[in-house]
Amino acid sequence: MEVLIFIWIIYFLIVKFIGGDYKNHIRLIVSFAIILIHYALYLIFQEKYINIFGNSLFILVNLFLFDYLNYTLQKKIKLFVFKFFTLLFISEIISNLYKINLYNIPFVLSILVLSFRNYKSNLELVLWNITLIIIAVSYFYNFYFYYFYALLTPFFIKNLLDTYQDTLKKEERDFKLRIRKEIDFEINRQIEDLRNELEIIYKKLKEIFRLSSFTIKEFDIDSMLTKFCSGLLDLGYTGVYVVVENIQKKEGFFPNVKRFQEEIFPKLNTLQIIEDRYIAIPLSIEDKNIGYVAIYKKNPIDISEIEYLQIYTNIVTSALMKILYFTQMIKFRDLVYKTLESIDIAVAITDKDFNIEFVNESFLKMAEKKEGSIYDMIPVLNQFRKNFEDAIKNKTPFETKFSSLSRKVYELKLFPILTQDTISQVVILIEDITEKEELETQIMQTEKLAVIGRLAAGISHEIKNPLAAISQTAFSLKRKAIRNANNLKDSVIEASERIERNINRATEIINRLLNFSKPFYSKLEIVNLKDLLEEAIKLALIKEYDVKIIKNLQDINILADKNALLQVFINIIINAIEATNYKGEIIIKNYKENNNAVISIKDNGVGIPEDIVDKIFEPFFTTKEKGTGLGLSVSYRIIKDHSGIIKVNSKVGEGTEFLIILPLEVEKNEL
C-alpha cells in the first residue's frame with residue numbers, strides 16, 4: 001500500500017514541477033484521496049474495516065479514474081457508468097457484510113471497465129489492457145494487489161507528460177504566430193510611416209515651389225545637385241553655385257565664384273544675405289556640414305523668400321546626406337566583400353542556428369557541399385557542435401585548433417554578433433595554420449638543438465678525459481687477466497669487457513653531442529646525390545638482410561658536405577630496415593622540384609604512431625631499447641645547416657616516408 005501511495009505522490013510532484021494546474025487533475029486527486037482514506041481506515045480499524053468494506057473503496061477509485069480517462073463522454077453515458085459503478089460498490093459491501101462469496105467479481109468488473117478509453121497508439125492499447133488483466137488477476141488471487149495496482153500510475157504520468165508536451169508545442173505555435181503577426185504589423189506600420197513621411201516631403205515641395213515633377217530618387221550626388229540647381233532656376237533665380245564634398249556645380253549666371261570659394265564659404269556658419277542679391281546657405285543638419293549653396297538674383301532678394309529657401313535647402317540637404325551615407329555604406333560593403341573574398345581565411349556568417357548567410361571563396365574551397373548548414377558544408381565541424389551551442393548560449397567567443405585527415409592544422413574561431421544584447425549573427429573563421437605550426441615547431445626544435453649544443457660543449461671536455469683513463473685501465477686489466485688467466489677468475493675479464501663496452505657507448509654519445517656544439521663540415525663540394533645514395537645503400541646493407549630496395553635515382557648535383565649527408569642517408573635507411581623487421585620493401589628516389597632537390601626514402605614497415613611523430617627529431621627521444629635518441633636529431637641538424645627541410649609522413653601499419661628537401665645551390669657562407 002505504501003508503494004502505491006508513494007507513486008501517486010510522485011505523480012503530483014511531477015504536476016507541480018511542470019507548473020500544471022491541479023484543477024485539471026481533480027478526478028485523480030479524488031482517487032488519491034480515496035486511497036488515503038482506505039489506508040487510514042485500515043490502520044485505525046484493521047480487521048473490522050476489512051470485514052465490512054474490504055477493498056470496495058477501490059471501486060470508487062476506478063470510477064474516478066474512468067471519469068478522468070473519458071472526460072469527453074456524453075453526460076448520459078457518464079450517468080450510466082456512474083450507476084454501474086455504484087451497483088458494483090454496493091454489491092461489494094453487501095457481500096462483505098453478509099459473507100456472500102461473489103469471487104471478487106465487482107472489483108474485477110470495475111477494473112475491466114477501465115479498458116474503455118481512447119488510445120494514442122496500438123502499443124498503449126496492448127500495455128494498458130495487459131496491466132488491467134494483471135491487476136484483476138492479482139486481486140482475484142489476493143497476490144500483491146497494491147503493487148500491481150500501482151502500475152496504473154506510470155500511464156497517467158506518461159499521459160501527463162504527453163499533454164504537457166502537446167501544450168508546449170501549441171504554445172510554441174501560438175508564440176510563433178504572434179511573433180509573425182507582430183513582425184508583419186511592425187513592418188506594415190513602418191512602411192506606412194515611411195509612406196506618410198514621403199508624402200509630407202512631397203507636399204511641402206509641391207506647396208512651396210509647385211514642382212510636382214520633382215522627386216528624390218537618385219543615388220548620384222551629381223544628378224541630385226543638377227536637379228537642385230534646376231529647381232531654383234525654374235523659380236526665377238539667376239544663378240546657383242553649390243559645393244558638396246568634392247563636387248562643384250554652377251548653373252545659370254553666377255558672378256564672383258572665386259570670391260565665394262576663397263572668402264565666403266570658408267567662414268560661412270549660417271544663412272547670409274550679401275549685397276541684397278546673394279543668399280549663401282550652409283548645407284548642414286545638426287552641426288554636420290556637407291557643403292554650401294549660393295543663390296544669385298538680379299533683383300534685390302525679398303526677405304520673405306528666405307524661409308522658403310531655408311526649408312528647400314534643408315530638405316535637399318537631408319536627401320544629400322542620405323545619398324552620401326548610402327554611398328559610403330555601399331563602398332564599405334564592397335570593400336568588406338572584396339577583402340573577404342581576397343583573404344585565404346575561410347569566413348562564414350550564419351544565423352544563430354548556424355544556417356549559412358554568407359561564405360567567401362576560401363570557405364567554399366574547404367567545403368564538401370555548397371549549401372546547407374555549416375555542419376553540412378564542413379562535416380568536421382560537427383565535433384564542435386556542443387562548443388558552438390555553449391558559445392551562443394553564453395554569448396562568448398570560442399576558438400580552438402583541429403587537424404584534418406591530410407594532417408593540415410586549422411585554427412577555428414567563432415564570434416557571436418550582438419544586437420541589443422541579442423545574438424543576430426555568428427561569424428566563423430577557419431585559417432590554415434599548418435605552415436605556421438611547422439615553423440613554430442622548427443623554431444622550438446632549433447632552440448632545443450642550441451641548448452643541447454651548449455650543454456655538449458660544456459660537459460664533453462670534463463667527461464672525455466676521465467672516460468679515457470677508465471678505458472685505459474680496463475684495457476690494462478684485461479691484458480693482465482689474459483696473461484695470468486690461470487690465476488684470475490673469468491669474472492675479471494668479463495668485467496673489464498663490460499667496462500670497455502660502456503666506455504665506448506659513452507664516448508659515442510659524447511661525440512654525437514659534440515656535433516651540436518660546433519660545425520663539423522670539413523669540406524663543401526659538388527655532390528652527386530645519385531652516387532651518394534648508392535654508397536649509403538651499400539653501407540647500410542653491409543649485413544645481408546631480406547630487404548628489397550627499389551631505386552629511382554637521378555643525377556642531381558648540390559653543394560654540400562658529402563660525409564655529413566652520407567651520415568643522414570645511412571641513418572634513415574637503417575631506420576627503414578629496422579622498421580620493416582629486416583624483411584620489407586624500401587623505395588628510394590630523388591627528383592627536382594622548383595629550385596630544390598628532393599630525396600624520398602619510403603618503407604612499408606610498422607609506421608610511427610601519430611602521438612610521437614612530432615617528437616622523433618628531439619634529442620634523446622627513442623623507442624629503441626638500445627638507441628641513443630640522437631640519430632634523427634643529428635640528421636635534422638645536418639639538413640637544417642644545409643638550408644634544407646626534413647619531413648616525415650607516417651601511418652601505423654602502412655609505413656613511413658622521409659622527405660629531404662635541399663636547395664640546388666647553397667652558398668658556402670651559409671654553412
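All of the numbers you see were taken from the coordinates with simple rules; none came from a lab. Being a predicted model, the structure only gives us computed values, none of them experimental. Methodologically, a virtual Cβ is constructed for each residue, glycine included, from the backbone with ideal geometry; neighbour enumeration extends over all protein chains shown.
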Quiz item: Could you name the aspartates and glutamates in cross-link range of K478, using Cα to Cα under 20 Å and dropping any fewer than eight places away on the same chain?
Solution: D490, E494, E497, E500
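Could you work out how much longer the chain between Q165 and Q554 gets when fully extended? Use 0.36 nm per residue separation minus the Cα distance between them, nm to one decimal.
132.6 nm
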Quiz item: Of K413/K615; K589/K624; K551/K647; K76/K120, which sit over 22 Å apart, Cα to Cα?
Solution: K413/K615; K589/K624; K76/K120
Exercise. At 0.36 nm per residue, minus the direct Cα-Cα distance, what do K267 and F45 gain on full extension? Give it in nm, one decimal, please.
Key: 69.1 nm
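Only Cα pairs under 8 Å and at least 6 apart count here; give the relative contact order of segment 61-176 as a rounded whole percent.
Details: 58 pairs, mean separation 24.4, N = 116.
Relative contact order of segment 61-176: 21 percent.
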Quiz item: Exposure proxy check: V15, V613 ranked by fewest other beta carbons within 10 Å?
Solution: V613, V15
Quiz item: Using the count of nearby Cβ atoms within 10 Å as a rough guide to exposure, how do I392, I221, I343, I295 rank from fewest to most?
Solution: I343, I392, I221, I295
Quiz item: At what distance in nm do the modelled label points of E172 and R407 sit from each other, each positioned 7 Å from its Cα along Cα→Cβ?
Solution: 4.6
Practice problem: Considering the options I247, I273, G291, tell which one lies farthest towards the positive end of the dipole of segment 240-291, charges being +1 on Lys and Arg and -1 on Asp and Glu at the Cβ, about the Cα centre. | Solution: I247
